[in-house]
1. Checking the conditions here, which among A:Leu179, A:Leu157, A:Leu187 is open to solvent by 30 Å² or more (accessible area, probe 1.4 Å), under 30 Å from B:Lys28 (Cβ atoms) and of a type in the set (A, V, I, L, M)?
2. I need a count of the residues in segment A:226-246 that are open to solvent by 30 Å² or more (accessible area, probe 1.4 Å), in a helix (DSSP H, G or I) and hydrophobic (A, V, I, L, M, F, W, C).
3. In this structure, does A:Leu140 turn out to be surrounded by fewer than 13 Cβ atoms within 10 Å (Cβ to Cβ), within 14 Å of chain B (Cβ to nearest Cβ), within 30 Å of A:Pro243 (Cβ to Cβ) and modelled with pLDDT of 90 or more?
4. (1) of a type in the set (D, E, K, R); (2) open to solvent by less than 50 Å² (accessible area, probe 1.4 Å); (3) closer than 23 Å to A:Phe223 by Cβ: which one isn't true of B:Lys103, the others all being true?
5. Would you pick out the residues in segment A:4-20 that are touching a residue at least 24 places away in the same chain (Cβ under 8 Å) and closer than 17 Å to A:Val213 by Cα?
6. Is it the case, given these coordinates, that A:Ile205 is under 30 Å from B:Asp70 (Cα atoms), in a helix (DSSP H, G or I) and more than 14 Å from chain B (Cβ to nearest Cβ)?
7. Criterion first (over 19 Å from the mean Cα position of the chain (by Cα) and within 14 Å of chain B (Cβ to nearest Cβ)) does A:Gly167 satisfy it?
Amino acid sequence: MGALFSFVAVILLILLAYVGVEVAGMQPIFGIVIPYAAVLTFIAGVIYRVIKWGRSPIPFHIPTTCGQQKSLPWIKQNKLENPSSSTGVIGRMALEVFLFRSLFRLSKSELRDGRLAYGSDKWLWLAGMAFHWSFLIVLLRHIRFFATPVPSYLNLLESLDGFLQVGVPRLFMTGIILLLAVTYLLLRRFYIPQVRYISLTSDYIPLFLIMAVASTGILMRYFFKVDIVGVKELTMGLVSFNPTIPKGIGVIFYIHIFLISILFAYFPFSKLVHMGGVFLSPTRNLANNSRMVRHINPWNYPVKFHSYEEYEEEFRKKMKDAGIPVEKE
Amino acid sequence: MYDGGKILFGILIFLAFVTFPFYNDIGKANVKPEPKIDTPEIQKLPQKKCVEPKAFMKAEHMKLLNEWRDSAVRDGNRVYVASDGKRYIISLQNTCMRCHSNKKEFCDKCHNYAEVNPYCWDCHIAPKEAKIAPKEAKNEY
């Protein structure tokens, strides 16, 4: 259900952009107004989410530990999996952010001949890595539309990405890897029953949306060519706050930029915001130093207590009368 | 806010990344490239027309070159019949670059702007051109 709904929603978005540009001629809406609004929503939304997280207290000290903690000097500590210092935490976060360390640990369980068997499962990690890294490179390559002159490291990136030298324009590997990886991530939700069971509409929408963004990009680069110089005029107009709509850019470009705008605007309010959230996960970003540093629950309020001395002070006479021993006569 | 300093630092890094295109381009003139077609060969043409219509060439010249290459190298067919029925000899150096002998003022103008680096000139010989000012020469690849 969720999958079907998301698929139809993305198709409708594509149709909306198509009709809006081809029939209604609303290039300025799709090429200027919506992109600006989307970027604003993206920036404000992400900051809002991060500040909101920052305001939530962490009542308990809850780093997850996956190795030997700091102990006696002759016991070797696992500094990355069970860090006790900030440096260790930075190392652990770097492993998490750049290499998805905890996903690498994923295991699967299966019933085999009536017995529960466990095994390692690296496919999700592999697809996740392929997906995120190629997405990053694709994003960086797009800087060529947003800077003049283009920074020179892009040239290096492009020659690495296109080093197979297949076809003209040169095939960029990351675009294909991105599309394949996102397809795997989608099929996984269809075919693994447990994953299918827990998949919601909000899991499918980003997948279909990213798939559509990647497909329109690939179509535009290799099949339905558009005037790239005109496109750059438009994008440079956006970033220099001098928006223009050059004539004669194919509708596929407007579909592409519309889908990206939707993705950007949707980002802060969806699971995609884990981009910021990963840095704020207490199970990852706290050092396991609870035996060295006391973690104070920020909720703790000053408790009104009544000490025994005060109690005795108050009831001394009654206690004495009843024959109860008191400390001070 | 808890750990406010760290969170603000993180937000600043985020802003530095996402607003890069905006502050990077502040105050820079947004000049689009004007590829020049004033070569001797084109001056001689009765009608200043390319192999195919201009809009097509603008967006699809790389696909056309790919077709030309496949046609010449794989099928041995070195004649291209254009959509208006004119015939051209399929050759990057002797057809395209004979008319567009000003590669630096024509092809490179767009390509530098859009950060495209065709590797064709690793093997194919680019037309000889008059020396250009050192400042512009830096832009060539």
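1. Values: A:Leu179 fails: under 30 Å from B:Lys28 (Cβ atoms); A:Leu187 fails: under 30 Å from B:Lys28 (Cβ atoms).
It is A:Leu157.
2. Narrowing segment A:226-246 to residues open to solvent by 30 Å² or more (accessible area, probe 1.4 Å): A:228, A:233, A:241-245.
Filter once more, keeping what is in a helix (DSSP H, G or I): A:228, A:233.
Filter once more, so that each one left must be hydrophobic (A, V, I, L, M, F, W, C): A:228.
The number of residues fulfilling the criteria is 1.
3. Details: surrounded by fewer than 13 Cβ atoms within 10 Å (Cβ to Cβ): no; within 14 Å of chain B (Cβ to nearest Cβ): yes; within 30 Å of A:Pro243 (Cβ to Cβ): yes; modelled with pLDDT of 90 or more: yes.
No.
4. For B:Lys103, the failing item is (3).
5. Let us first name the residues in segment A:4-20 that are touching a residue at least 24 places away in the same chain (Cβ under 8 Å), namely A:5-7, A:9-10, A:13-14, A:16-18, A:20.
Selection gives A:Ser6, A:Phe7, A:Ala9, A:Val10, A:Leu13, A:Ile14, A:Leu16, A:Ala17, A:Tyr18.
6. Values: under 30 Å from B:Asp70 (Cα atoms): no; in a helix (DSSP H, G or I): yes; more than 14 Å from chain B (Cβ to nearest Cβ): yes.
No, not satisfied.
7. Details: over 19 Å from the mean Cα position of the chain (by Cα): yes; within 14 Å of chain B (Cβ to nearest Cβ): yes.
The answer is yes for A:Gly167.
Table: residues versus (1) closer than 30 Å to A:Glu22 by Cα; (2) of a type in the set (S, T, N, Q); (3) open to solvent by 80 Å² or more (accessible area, probe 1.4 Å).
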site: A:Ile252; (1), (2), (3): yes, no, no
site: A:Phe258; (1), (2), (3): yes, no, no
site: A:Thr283; (1), (2), (3): no, yes, no
site: A:Leu286; (1), (2), (3): no, no, no
site: A:Met292; (1), (2), (3): no, no, yes
site: A:Tyr308; (1), (2), (3): no, no, yes
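The values are calculated or read from the model by the stated rules, or taken from the named source; none is laboratory data. Source: prediction; values computed, not measured. We place every Cβ from the backbone using ideal geometry, glycine too, and count neighbours over all the protein chains shown. Heavy atoms of the whole protein, side chains included, go into the accessibility calculation; ligands, DNA and RNA do not. Shrake-Rupley method; radii C 1.70, N 1.55, O 1.52, S 1.80 Å.
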